[in-house]
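Comments concern the structure below.
Please treat every number below as a calculation from the coordinates, not as lab data. Bear in mind that the values here come from a model prediction, so they are computed numbers and not experimental data. Every residue, glycine as well, gets a Cβ built from its backbone with ideal geometry; the counts of neighbours run over all protein chains shown.
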Amino acid sequence: MASDFSFARLRDLPHPIQKLMTAFAEHRLLATSALGIVPLLAIIFNDYRGFVALGPGGLPSNPLGWLAQLCLQPLGRLNTLSTSSLHSSRNADAVGPRGRDSFLGAQPLPPRRGHRPKVPGYVAPQRQTSECAVGDAVARMNAYVAGLACRNPEALIIKGSGLESKHCKALWLEDRRHPLPDYLAATTHGEIVHVHAEGSSHAVLSLIDAQIAIEQGWAQLHKLSGRAGMLPLTYVLIYAPRDQDETEVWQRLVTASALFNTAHSGGSLRLML
């Protein structure tokens, strides 16, 4: 038998529902727009929550900080793994006359095993959110950086980061006899290395060392590296070491940063044993 089911007519519906459907019909564009905003608001909320979850950084962990990094996105690199800008002839002097030299030592830098850690696409703070450091690894990393400064007080000093939160300690150039090289004076003001709470680090390397570190899987560029005069072209994020072998690679990269950034003064560093 054919079904005698039919949709209820508007006047047969409860009065509140009649009013709602009438309003929807009269303001269909507004209602449709409102429905479309809901998914957008969810995306914005999740993006903001991810930003705050990264913890303290160069920008405040609040809506203003999130908006600031959003405004900086158009200036940022789309691909932080590309090394084309590092071996471009037009950037040969981007980090001074020693930029084409390597300071990693005679041993080739081995490839990092496995996949790269996850690094969200925020302009700042730049952090990894997978394969983070565990235990006292960060404390030992900071101790290594502090040791470089302790052994070379005429060239290096530990003080609060100017790029991260005030609680983050950083390695700075401290050679009062020589002016800062231009690529640092105009950007980090002498800060060359700092370690983040989850175990990643930022460092300023030579062009060739930054290229090697990225291509071997140990690092990636910052979104603002070499952009609008904000950061040096070779300002890289070094991933958190996962074991002792990787810690030794990390130490080589940090030492290479110290050697490179002090090379302009012609001095020599006393390295960690």
Rounded to the nearest 20 debye, what is the charge dipole size of the chain about its Cα centre when +1 sits on each Lys and Arg Cβ and -1 on each Asp and Glu Cβ? 320 debye
Would you list which aspartates and glutamates come within 15 Å of K169, measuring only between C-alpha atoms, while excluding same-chain residues fewer than 8 positions from it? E191, E198
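Restricting to the chain, what percent of DSSP beta bridges are antiparallel, rounded to 5? If you can, show how the numbers build up before the last one.
Working: 18 of 19 bridges.
Bridges in the chain that DSSP calls antiparallel: roughly 95 percent.
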Does anyone have the angle between helix 28-53 and the longest principal axis of the chain? Alpha-carbon axes, 0 to 90°, nearest 10? 30 degrees
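Only counting other Cβ atoms within 10 Å, I'd like V123, V134, V38 sorted with the fewest neighbours first.
Numbers: V123 22, V134 11, V38 8.
So the residues, fewest neighbours to most, are V38, V134, V123.
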Of 77-88, 245-256, ordering from highest average Cβ density within 10 Å down gives 245-256, 77-88
Separation between Cα centres of the range 93-165 and the range 201-238, rounded to whole Å: 10 Å
In the Gaussian network model of the chain, springs joining C-alpha atoms below 10 Å, which of R227, R90, R100 carries the largest mean-square fluctuation? R90
Counting other Cβ atoms within 10 Å, which GluC sites (Glu not before Pro) in the range 128-211 have at most 16 and lie in a DSSP loop? E154, E174
Taking 0.36 nm per residue of sequence separation and subtracting the Cα-Cα distance, how much length would be gained by fully extending the chain between A68 and C150, in nm to one decimal? 25.9 nm
Restricting attention to the range 138-224, which trypsin sites (Lys or Arg not before Pro) occupy a DSSP loop and are surrounded by at most 15 other Cβ atoms within 10 Å? K166, R176, R177
Pull out the extension gain between A228 and H167, defined as 0.36 nm times the separation in residues minus the alpha carbon to alpha carbon distance; nm, one decimal. 19.3 nm
Using a Förster distance of 22 angstrom, determine the FRET efficiency expected from the C-beta separation of Q107 and L269, and round it to 0.05. 0.75
Charges on Cβ only, +1 for Lys and Arg, -1 for Asp and Glu, centred on the Cα centroid of the chain; of L78, P97, N152, which one is farthest towards the dipole's positive end? L78
Expressed in nm², what is the orientationally averaged projection area of the convex hull enclosing the Cα positions of the range 182-240? 3.8 nm²
So, in nm, how far is label S130 from label L40 when the simple model puts each one 7 Å beyond its Cα toward the Cβ? 3.1 nm
Taking every pair of distinct Cα atoms and averaging 1/r, then inverting, what Kirkwood hydrodynamic radius in Å comes out for the range 80-265? 16.3 Å
